[in-house]
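> If you scroll down you'll find the structure; I have some questions about it.
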Amino acid sequence: MVCAIELGLRDRIECVASAAHPIDRNPSIVALNPLGQVPTLVTDDGLALYDSRVICEYLDHLAGRSSLFPQQVLLRWNALRDQALADGLLDAALLIRYERVVRDEAARSEPWTRGQLDKVEKALATIERLAGDYAARADIGTISVACALGYLDFRFPEVEWRHTCRNAARWFAGFSQRESIRDTLPANAPSTPAHPDRGR
């Protein structure tokens with residue numbers, strides 16, 4: 001949705017309420033996406049696209065631009081690297097959330113959780129190192145990083161990443177003033193522990 005707003009496509013997208021769950025799979029989502037995950041986008045032609053990366057690139061194409069996916073080689077690889085870094089952080093955070101919320105307490109694994117948390121911490125350290133490069137950018141990389149940090153604020157406030165990531169915190173404070181981020185920050189969404197979520 002952040003990309004849709006950045007590209008001026010918000011009014012062309014109809015949002016449908018859904019509850020993705022790794023065990024109690026939502027039949028209405030599975031009918032469109034065999035993985036049963038959100039986000040899933042159905043085009044006007046009936047083509048179902050899934051995974052944020054694919055949907056964001058489709059929206060960029062639909063808008064007739066390449067502003068979110070730079071064409072200049074170095075800018076493009078930086079943006080795609082940052083997108084992958086943020087997606088990896090989100091993947092690890094979501095696995096922690098599944099472990100804590102979906103799995104029965106007796107079946108939970110502390111070593112597993114620690115391993116995923118280490119990924120989050122290492123990703124944050126890398127974001128902190130790269131944050132000085134983010135200031136002039138509004139591309140798929142910086143959007144993905146902003147969404148990942150917003151998700152941590154929403155689902156993992158105990159991580160308190162701003163204490164160790166001062167550069168990233170300063171950048172995020174400014175980037176969060178963009179309409180696209182302001183209107184989609186998950187902190188505004190209700191907490192639904194039974195339905196862990198992810199999406200950009």
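> Tell me, which residue of the range 57-66 that is open to solvent by 60 Å² or more (accessible area, probe 1.4 Å) and more than 17 Å from Pro39 (Cβ to Cβ) is modelled with the highest pLDDT?
Among those residues, the one meeting the criterion is Gly64.
> Now a separate question. Would you call Leu130 within 17 Å of Leu149 (Cβ to Cβ) and open to solvent by 10 Å² or more (accessible area, probe 1.4 Å)?
Here the answer is yes, as Leu130 does meet what is asked.
> Would the range 106-115 turn up any residue that is open to solvent by 30 Å² or more (accessible area, probe 1.4 Å) and under 27 Å from Val54 (Cβ atoms)?
Within the range 106-115 (the criterion being open to solvent by 30 Å² or more (accessible area, probe 1.4 Å) and under 27 Å from Val54 (Cβ atoms)), the answer is no, since none of the residues qualifies.
> Take the residues of the range 91-126 that are aliphatic (A, V, I, L, M) and out of contact with any Leu (no Cβ under 9 Å at 6 or more places or on another chain): which is nearest to Ile23 (Cα to Cα)?
Among those residues, the one meeting the criterion is Val102.
> Further question: Out of the residues in the range 39-79 that are among the hydroxyl-bearing types (Ser, Thr, Tyr) and assigned to a helix (DSSP H, G or I), which is farthest from the chain's Cα centre (by Cα)? Don't jump to the end; show me each part of the working.
So in the range 39-79, the residues among the hydroxyl-bearing types (Ser, Thr, Tyr) come out as 40, 43, 50, 52, 58, 66-67.
Within this subset, residues satisfying the condition of being assigned to a helix (DSSP H, G or I) are 52, 58.
Working: Ser52: 8, Tyr58: 16 Å.
Step by step, filter the range 39-79, then rank; the result is Tyr58.
> Further question on the same structure: Within the range 1-28, how many residues are within 20 Å of Ala146 (Cα to Cα), over 17 Å from the mean Cα position of the chain (by Cα) and part of a helix (DSSP H, G or I)?
The number of residues fulfilling the criteria is 1.
> Related question: Residues being surrounded by fewer than 11 Cβ atoms within 10 Å (Cβ to Cβ) and either modelled with pLDDT of 95 or more or assigned to a loop (DSSP other than H, G, I, E, B) (or both): count how many of those fall in the range 175-190.
3
> Out of curiosity, is Ala168 farther than 23 Å from Asp60 by Cβ and crowded, with 22+ Cβ neighbours inside 10 Å?
Yes: the conditions hold for Ala168.
> Pairs, please: C-beta under 7 Å, at least 6 apart or cross-chain, first residue under 26 Å from Arg100 (Cβ atoms) and in the range 22-35, second at pLDDT 85 or above and surrounded by fewer than 14 Cβ atoms within 10 Å (Cβ to Cβ)?
Asn33/Ala48
> Still on this structure, please answer the following. Does the range 67-89 hold any residues that are open to solvent by 10 Å² or more (accessible area, probe 1.4 Å) and of a type in the set (A, V, I, L, M), and which are they?
The answer is Val73, Leu74, Leu75, Leu80, Ala84, Leu85.
> Being over 21 Å from Leu7 (Cα atoms) and open to solvent by less than 10 Å² (accessible area, probe 1.4 Å), is that true of even one residue in the range 141-150?
The answer is yes, given that some residue of the range 141-150 is over 21 Å from Leu7 (Cα atoms) and open to solvent by less than 10 Å² (accessible area, probe 1.4 Å).
> So, one more: Determine if the range 29-38 includes at least one residue that is exposed (fewer than 14 other Cβ atoms within 10 Å of the Cβ), β-branched (Val, Ile, Thr) and more than 17 Å from the chain's Cα centre (by Cα).
no
> Same structure, new question: Quick one: how many residues across the range 96-105 are exposed (fewer than 13 other Cβ atoms within 10 Å of the Cβ) and either in contact with a strand residue (DSSP E or B) (Cβ under 7 Å, 6 or more places away or on another chain) or part of a helix (DSSP H, G or I) (or both)?
1
The values are calculated or read from the model by the stated rules, or taken from the named source; none is laboratory data. All figures in this text were calculated on a predicted structure; none of them were measured in a lab. Methodologically, a virtual Cβ is constructed for each residue, glycine included, from the backbone with ideal geometry; neighbour enumeration extends over all protein chains shown. Heads up: the accessible areas ignore ligands, DNA and RNA and are worked out on the full protein's heavy atoms, side chains in. Shrake-Rupley method; radii C 1.70, N 1.55, O 1.52, S 1.80 Å.
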